[in-house]
Amino acid sequence: GVHMRKSLGVVVGCTIALAGCQTLEQTKENFGTAIGAVTGGAAGALLCGKKYKLACGLVGAGIGGFIGNRIGKRLDDADKRQLALETSQALASSSPSAAPRVWSNPKTGVKGKVTVKDASTKSVQTSIPVLKDRVKVTPALDLVGETYKVSSSALNVRGGPGTDYHPVGTKLTRGQDVHVVGRVQSKPDWMLIAQNGAGSGYVFAKGLRSTGYAVAQSDQKVPAAAETVQIAAKQQCKTVEQEVTYADNTSDTESVRMCQQGDGSWSIS
């Protein structure tokens, strides 16, 4: 909620400006708690070093929201980052029976496993912000909530799902990353994409390829030009089990239930 987002912002600001915190240990403890919050948006930005810059960019600013609270307190930044990325890929998997994602960090001795325990899909009425000067229609969607790469040399963004709708904005270029909100149910060859958290137009699906990273709910401010509309959608929910074994051979296991939001992004339900 709003209160949790404000609290997270305070902790992140304190982490950046250590002079404002009483002790470094206190900062670490508070940060571990904050990163287990529902959105974890701004916190995720602090976890993205050079090695993970691309992956963190794909998952989005809300990467911290994928980490359980108890586990988050005991991991350093690199291990939090890895756990969030593995959880993101587990959520993006189209198969609920996919093999667990296993990882380890030889520097810290921490090992982890992420397993999708169950998945369900249901039809819902949900709200989504869209740029109304660009998005002319809002048909029913199968929510996706993943980052895709543009695989065509140039890809038109249109005001509706079809070539009979005029292009809006600028063309997408090969290699560009886009947040796919959902696939149009009546025209599955077309996908609604988002820009800065708001639906910005439709693109031909064959011009995109999935990166395999789910998008986490972000704290970014939706553009003032966006309007909230109600759409019919198919929403996925998954229970994700995060299991971490620490260097001292103790372990923690947490299960989180995550569901797609109206913009397709994933958030703890």
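The values are calculated or read from the model by the stated rules, or taken from the named source; none is laboratory data. The shown structure was predicted, so the numbers you read here are calculated from the model rather than taken from an experiment. All Cβ positions, glycine included, derive from the backbone under ideal geometry; neighbour counts span all protein chains shown. The accessibility values were calculated without ligands, DNA or RNA, using every heavy atom of the protein model including side chains. Shrake-Rupley method; radii C 1.70, N 1.55, O 1.52, S 1.80 Å.
In the range 199-240, what residues are of a type in the set (Asp, Glu) and surrounded by fewer than 17 Cβ atoms within 10 Å (Cβ to Cβ)?
The one that is of a type in the set (Asp, Glu) and surrounded by fewer than 17 Cβ atoms within 10 Å (Cβ to Cβ): GLU227.
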field: Considering residues of the range 109-141 that are open to solvent by 80 Å² or more (accessible area, probe 1.4 Å) and part of a strand (DSSP E or B) only, the residue farthest from THR228 (Cα to Cα)
entry: LYS111
query: Can you name the residue in the range 142-159 that is over 19 Å from LYS187 (Cα atoms) and in a loop (DSSP other than H, G, I, E, B) and, of all such residues, is nearest to the chain's Cα centre (by Cα)?
result: SER151
field: Residue within the range 142-151 that is among the β-branched types (Val, Ile, Thr), open to solvent by less than 20 Å² (accessible area, probe 1.4 Å) and in contact with an Asp or Glu (Cβ under 7 Å, 6 or more places away or on another chain) present
entry: yes
field: MET258, sole failed condition from (1) open to solvent by less than 60 Å² (accessible area, probe 1.4 Å); (2) out of contact with any Lys or Arg (no Cβ under 6 Å at 6 or more places or on another chain); (3) closer than 28 Å to LYS149 by Cβ; (4) in a strand (DSSP E or B)
entry: (2)
field: Residue list for the range 171-215, filter: of a type outside the set (A, V, I, L, M, F, W, C), within 24 Å of GLU227 (Cα to Cα) and assigned to a loop (DSSP other than H, G, I, E, B)
entry: LYS171, GLN185, SER186, LYS187, ASN196, GLY197
